[in-house]
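For reference, the structure discussed in these notes is given below.
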Amino acid sequence: MFATYVVVTVLTAVLNGSAAVANLIGHDYPKSQADKMGIPHSWMPLLGTAMGAGALGLVAGFAVPPLGVIAAVGLVLYFLGALWVHLRVGDHQLGAWVVFFCLPVAALFTNLAYHGTW
């Protein structure tokens, strides 16, 4: 169980951390997605910071398990909000969203299962 917990958590942290960096440096892909969703570019640093905090929180959860749980819950809520934004504008291309949503869900469940709070 420990290996699953580590792999899922690290994968989730790396994926969200790289997405956070893309938002923070103003990469073209997040900008094009923001334009498609009707989100102002001024929100990009805030969204990147939220994803980055989630990624760091997942890693910190190895030392302090409740931080990992809080970070995973935060990322799940973040991506539920992203789903709402996608559906609001009629965008049903949700392949990337599914990956970004399912990984924090898996990180949450593996954290809770490994630490016996499940």
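Ranked by the mean number of other Cβ atoms within 10 Å per residue, highest first, peptides 55-68, 85-98, 27-40 order as 55-68, 27-40, 85-98.
Label separation (residue 29 vs residue 92): 2.5 nm, computed from points 7 Å beyond Cα along the C-beta direction.
Surface composition of the chain: carbon and sulfur make up 76 percent of the accessible area, probe 1.4 Å.
Helical runs (DSSP H, four residues minimum) scored at -39500 (n - 2.57) apiece and divided by the length of the chain put the mean residue ellipticity at 222 nm at -27500 deg cm²/dmol.
For residue 85 and residue 109 in the same chain, what is the full-extension length gain: residue separation times 0.36 nm, less their Cα-Cα distance, in nm? Intermediate values should be presented prior to the final figure.
Numbers: separation 24, 0.36 × 24 = 8.64 nm, distance 2.52 nm.
Working it through step by step, the gained length comes to 6.1 nm.
At a probe radius of 1.4 angstrom, the accessible area of the chain per residue rounds to 55 square angstrom. Projecting the alpha carbon convex hull of region 27-100 along each direction and taking the average yields 5.0 nm².
The values are calculated or read from the model by the stated rules, or taken from the named source; none is laboratory data. The structure presented is a predicted model; accordingly, all values stated were derived computationally and were not measured. With ideal geometry, Cβ positions are generated from the backbone for all residues, glycine too; neighbour counts draw on all protein chains shown. The area values use the complete protein model at the heavy-atom level, side chains included, leaving out ligands, DNA and RNA. Shrake-Rupley method; radii C 1.70, N 1.55, O 1.52, S 1.80 Å.
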